[in-house]
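**Student:** Take this structure first; my questions come after.
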Amino acid sequence: MGSDHYFTAAPASPENLRRIRVTLAGRELELTTAGGVFSPEHLDTGTAVLLSNTPPVPPGGHLLDLGSGWGPISLSMALTSPHATVWAVDVNERALDLVRRNADHLGLTNVNAVLPDDVPDDIAFRSIRSNPPIRVGKNVLHGLLERWIPRLDERSDAWLVVQRNLGSDSLQRWLAANFDEGYSVYRAATARGFRVIKVRRHGTPPTEPIDVVPDDL
């Protein structure tokens, strides 16, 4: 990708469109990816871990894929919940174009691939699923989560997958410290060197306490 990063707004590297075969929502699919986006050659391990270790998304309402890339999480949610509205959010315009191409190829009309500022302010999300852009740095990453996690609807969950050696445990501690009122933060799963972190926004009255996965897993 040269000097481009997957979080570059307008990649300067050649697009080099390509087709890859992936399995999403139990279906064998052929989708389009390109250079200048995250993991263009295959479904990355972290996203695969997230998709394998989270429950089905709610059947309706608004769902958020934060840092969509070419769209595996967004497309999976849209396929699973055709009556929900999926928001694929990314700063990379090329990635958003790929999400639109792939949604159109699959006949999905419930996917909105947009820049962060294009999501209406009054929307609350029934679920957030994300393989967040860890390499943007802690300050940017924390700002990203501080912006979007409070937009969870009551009694709704955010699921984040983070590689263990890229700071998953420290991120979990930061989330627990910064979302301590009205939220619960815990490790939901560990697989293939990744942690899946769940952030629950409680309602009024609060929902039941959540069991914690032991630290030695």
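The values are calculated or read from the model by the stated rules, or taken from the named source; none is laboratory data. Keep in mind that what you see is a predicted model, and the values were worked out from it rather than measured. Counting neighbours? That spans all protein chains shown, and the Cβs are built from the backbone with ideal geometry, glycine included. Surface accessibility is based on the protein's heavy atoms, side chains included, excluding ligands, DNA and RNA. Shrake-Rupley method; radii C 1.70, N 1.55, O 1.52, S 1.80 Å.
**Student:** Give me D for the chain in µm² s⁻¹, whole number, from Stokes-Einstein with Rh from the Kirkwood sum over alpha-carbon pairs, 10 °C and 1.306 mPa s.
**Tutor:** 91 µm²/s
**Student:** Taking every DSSP beta bridge that has both residues in the stretch 10-93, what percent is antiparallel when rounded to the nearest 5?
**Tutor:** Working: 7 of 12 bridges.
Roughly 60 percent of the beta bridges in the stretch 10-93 run antiparallel, per DSSP.
**Student:** Restricting attention to the alpha-carbon atoms of the stretch 49-129, what are Rg (one decimal) and Dmax (integer), both in Å?
**Tutor:** In order Rg, Dmax, the Cα atoms of the stretch 49-129 give 11.4, 31 Å.
**Student:** Same structure, new question: Counting Lys and Arg as +1 and Asp and Glu as -1, each charge on the Cβ, what is the dipole of the chain about the Cα centre in debye, to the nearest 20?
**Tutor:** Roughly 440 debye for the chain.
**Student:** Further question: Would you kindly state how much longer the chain becomes between ARG155 and GLU30 on full extension, computed as 0.36 nm times their sequence separation minus their alpha carbon distance, in nm to one decimal?
**Tutor:** Stretched out fully, the ARG155 to GLU30 stretch lengthens by 41.5 nm.
**Student:** Something else: Which whole-number percentage describes the relative contact order of the stretch 87-142, with Cα contacts under 8 Å and a sequence gap of 6 or more?
**Tutor:** Here the relative contact order equals 33 percent.
**Student:** With all protein chains present, how much of the accessible area of the chain (probe radius 1.4 Å) comes from carbon and sulfur, to the nearest whole percent? Intermediate values should be presented prior to the final figure.
**Tutor:** Details: 5050 of 10330 Å².
For the chain, the apolar C and S fraction of the accessible surface comes to 49 percent.
**Student:** Ignoring ligands, DNA and RNA, what accessible area per residue does the chain give at 1.4 Å, in Å²? Can you show the working numbers first?
**Tutor:** Details: 10330 Å² over 217 residues.
With all protein chains present, the chain gives 48 Å² per residue.
**Student:** Per DSSP helix of 4 or more residues, -39500 (n - 2.57); summed, then divided by the residues of the chain. What does that give at 222 nm, rounded to the nearest 500?
**Tutor:** -7000 deg cm²/dmol
**Student:** Return the sequence-ordered ³J(HN,Hα) values of the stretch 76-88 in whole Hz as given by the Karplus equation 6.51 cos²θ - 1.76 cosθ + 1.60 applied to θ = phi - 60°, using x for Gly and Pro.
**Tutor:** Whole-Hz 3J(HN,Hα) from phi for the stretch 76-88: 4, 5, 5, 5, 6, 10, x, 8, 8, 9, 9, 9, 9.
**Student:** Determine which residues of the stretch 179-195 fall in the zone a paramagnetic label at ARG164 would reach in this model, i.e. backbone nitrogen under 20 Å from the point 7 Å along Cα→Cβ.
**Tutor:** 186-195
**Student:** For THR45 and ASN139, FRET efficiency with R0 = 30 Å and r from the beta-carbon atoms, rounded to 0.05?
**Tutor:** 0.70
**Student:** Just want the answer: with Cβ charges of +1 for Lys and Arg and -1 for Asp and Glu, which residue in ASN139, LEU108, SER52 is farthest toward the dipole's positive end in the chain?
**Tutor:** Result: SER52.
**Student:** For the chain, what does the relative contact order come out to in percent, with C-alpha contacts under 8 Å and a separation of six or more?
**Tutor:** Value for the chain: 16 percent.
**Student:** Given Cα pairs under 8 Å that are at least 6 residues apart, what percent is the relative contact order of the stretch 89-217?
**Tutor:** 19 percent
**Student:** How much length is gained if the chain between THR204 and THR109 is pulled fully straight, taking 0.36 nm per residue apart and subtracting their Cα-Cα distance, in nm to one decimal?
**Tutor:** Working: separation 95, 0.36 × 95 = 34.20 nm, distance 3.39 nm.
Going from the current span to full extension adds 30.8 nm.
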